[in-house]
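Values quoted throughout were computed directly from the atomic coordinates according to the rules given, and no laboratory measurement underlies them. All of these numbers come straight from a predicted model, not from anything done at the bench. With ideal geometry, Cβ positions are generated from the backbone for all residues, glycine too; neighbour counts draw on all protein chains shown.
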Amino acid sequence: MTSIAIITGSTLGGAEYVADHLADCLEQQDFDTQIENNASFADVESQKLWLIVTSTHGAGELPENIQPFIEEVKQQDLTGVRFAVVGLGNSDYDTFCYAVDTVEQVLTAQGAVRICESLRIDVSQVEDQDQAAEDWLPTMLNVL
């Protein structure tokens, strides 16, 4: 059974809800999921497939609950880690989904491989973020 670590960055809970929904979808397809809402590197270092679900906060920053994880990751060798990213943001701001860019840059700089195009959900336009993420999920699964 393939195991996926789902790591969330959320300020108001929206990214956590999307992550929970994706975990349910993945489990229905016989994946083993591990959700981390306040991840540390030690929580996921044995996992080789990561799905990061994060919102963008403030002026394009990562939410507070994922910032320590990203700082830890900057000190790690992530060779062998594959990842995908789902981002939530509001296109009314010029920093729309900047957290996705940050996650992609940090993980790839440490040797991880992005396995598919990241999903950027515009919460000002997409009413059902869970469904948008579920519709994207085959994009990730088709490359596994």
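Where residues in the stretch 37-61 are of a type in the set (A, V, I, L, M, F, W, C), in contact (Cβ under 8 Å) with a residue 12 or more places away in the chain and farther than 16 Å from Ser118 by Cα, which of them is surrounded by the fewest Cβ atoms within 10 Å (Cβ to Cβ)?
Ala59
Which members of the stretch 94-114 meet the condition of being in contact with a Lys or Arg (Cβ under 8 Å, 6 or more places away or on another chain), in a helix (DSSP H, G or I) and either touching a residue at least 60 places away in the same chain (Cβ under 8 Å) or surrounded by 15 or more Cβ atoms within 10 Å (Cβ to Cβ) (or both)?
Val100, Glu104, Val106, Leu107
Criterion first (under 21 Å from Leu144 (Cβ atoms), out of contact with any helix residue (DSSP H, G or I) (no Cβ under 6 Å at 6 or more places or on another chain) and not in a helix (DSSP H, G or I)) does Ser46 satisfy it?
yes
Could you look through the stretch 6-24, keep only residues that are in contact (Cβ under 8 Å) with a residue 12 or more places away in the chain and farther than 17 Å from Leu137 by Cα, and pick out the one that is surrounded by the most Cβ atoms within 10 Å (Cβ to Cβ)?
Restricting to residues being in contact (Cβ under 8 Å) with a residue 12 or more places away in the chain and farther than 17 Å from Leu137 by Cα, the top hit is Gly9.
For the stretch 67-84, does any single residue satisfy the condition of being surrounded by fewer than 19 Cβ atoms within 10 Å (Cβ to Cβ), within 14 Å of the chain's Cα centre (by Cα) and not charged (D, E, K, R)?
There is at least one residue in the stretch 67-84 that is surrounded by fewer than 19 Cβ atoms within 10 Å (Cβ to Cβ), within 14 Å of the chain's Cα centre (by Cα) and not charged (D, E, K, R).
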